Amino acid sequence: MSMRIEAMLSRLKPLLALAALAPSSHNSQPWHVRALSLLQEGEPADEAQLQLSPGWPLALCLELDHQRRLRALPSLQREMLISLGGFAAILLNLLRLSGWAVEACSMGRHTSGVLLRLGSGPRPERADPAALARLTQALQRRQTERGPYRAEQPLRFDCNERLLPHGLGLSSATQHWRLLDDAAGRGAVAAFYAEHAARDLLHRSAWSETYAHLHFGADTDAAAGAQQGIAIERLFGPMSPWRRRSLQLLLHPALVARLGPRGMAARVGATLQALIGSSPALLYLAGPPTHEPAAALLQAGARIADLWLLAASHGQALHPLSVALQHEDLRRRLSGLLGCSEELLFIARAGTPREPLPAPRHRRRPPEAFLTA
């Protein structure tokens, strides 16, 4: 790769580091970025390279890293594509707001990924410093808040508002946000989760995969080099070393399987029911079935990341309620409960955390870990 392209990649790394603050299931960060220079005579071409044109000296191929993706359930492939779509949309917006000329397109019918074609560098007249600063601040503030929310405080944002002004444009599918803020509707969903929230714990392979992404050290250990996964204190709040080790034992897949519904799984439903009850609203994203499901899921990831960052910019938070979407029978039942005739893509509770959010400690891999040239 030429020195010119290497210099371009050096300028891109700060933006890649910011884009890596995108949300992902289990904080698995399942993205891989492959940099391609202009096709040179005699070089082998792949489908992505053939889409390059002389006006674009560099392309970034955003793909799933199959070593990092979750695989315990077939439905988790959907979540991986949603995670990749959020990362791609954030990176696209960071680039354009910084002044880069960039186009997004699909990597082809047989590849689930996004190709970003870049110009030679940022130009000040294309940049939007105010929008870039707002996006950067939202990325740095965003975190998943799994504790109680203030039921009396409504949402401060409109679901149709956009913090990411530029879309990926990969799918023509129309996806809609729906707001559920009446007490009866939220109560019905809370009762549903009270009955079914433990499904993940009681599914041996799914829970083993989740458990592998948990960290049982203090949350401050994120500053000591942890680059992925979820700190147990982000699930249960600050605790003593003794309690962290106790949970490490009680949540171990072998013990959870042995105790079944009598162990930790017995508490999960009641806890989530109370948390949903503390929330002023539930939000869900739905869209029609499409003949390009991968592109629709990438677009859904962009929509979800946009809303999550919008909430963060208003000092509010989201907590995904993913377990019901990971099991097809639960997805169908929840769709019926919501009166949703389209495909249910995402659901979360939203609101203002009851306790002030601690400073985010982002466990993220640096660009060098996911970028290859």
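The values are calculated or read from the model by the stated rules, or taken from the named source; none is laboratory data. Predicted model, so just to flag it, every value in this text is computed and none were measured. Glycine gets a Cβ as well: all are built from the backbone with ideal geometry, and neighbour counts include every protein chain shown. Note: accessible area is taken over every heavy atom of the protein model, side chains too, but ligands, DNA and RNA are not part of it. Shrake-Rupley method; radii C 1.70, N 1.55, O 1.52, S 1.80 Å.
I'd like the distance separating the alpha-carbon centroids of region 76-118 and region 199-219, in whole Å. About 29 Å separates the Cα centre of region 76-118 from the one of region 199-219. Using only the alpha-carbon atoms of the chain as identical scatterers, what base-10 log of I(q)/I(0) does the Debye formula give at q = 0.10, 0.11 Å⁻¹? Calculated log10 I(q)/I(0) at the listed q: -0.65, -0.78.
On the protein heavy atoms, probe 1.4 angstrom, tell me the percent of accessible surface of region 101-146 carried by carbon and sulfur. Let's see the in-between values first.
On the way: 1060 of 2320 Å².
Heavy-atom surface of region 101-146 belonging to carbon and sulfur, 1.4 Å probe: 46 percent.
Once the C-beta distance of SER120 and HIS176 is scaled by a Förster radius of 30 Å, the resulting FRET efficiency is 0.20 to the nearest 0.05. Under a 5 Å amide H cut-off, with hydrogens placed 1.01 Å from N, ALA231 pairs with HIS215 among residues at least 5 apart or on other chains. Taking every protein chain into account, the accessible area of the chain amounts to 44 square angstrom per residue (probe 1.4 Å).
Which of the peptides 88-95, 123-130 is most tightly packed, and how do the rest follow, judged by the mean count of other Cβ atoms within 10 Å per residue? Show your work: numbers first, answer last.
Details: 88-95: 26.1, 123-130: 11.2.
So the peptides 88-95, 123-130, ranked by packing, come out 88-95, 123-130.
Listed values for region 92-103 are Karplus-derived 3J(HN,Hα) couplings in whole Hz (6.51 cos²θ - 1.76 cosθ + 1.60, θ = phi - 60°), namely 4, 6, 4, 5, 5, 5, 7, x, 7, 7, 8, 10, and x replaces Gly and Pro.
Karplus-derived 3J(HN,Hα) values for region 151-158, using 6.51 cos²θ - 1.76 cosθ + 1.60 with θ = phi - 60°, are 4, 7, 9, x, 5, 9, 10, 9 Hz; glycine and proline are entered as x.
Could you calculate the FRET efficiency of ARG243 with LEU357 from 1/(1 + (r/R0)^6), where r is the beta carbon distance between them and R0 is 22 Å, rounded to 0.05? Could you put the intermediate results ahead of the total?
On the way: r = 21 Å, r/R0 = 0.97.
The pair ARG243/LEU357 has a calculated efficiency of 0.55.
In this structure PHE157 has an accessible area near 20 Å², from a 1.4 Å probe over the protein heavy atoms. Of the residues ARG4, ARG363, the one with the largest accessible area comes first in the ranking ARG4, ARG363, computed with a 1.4 Å probe on protein heavy atoms.
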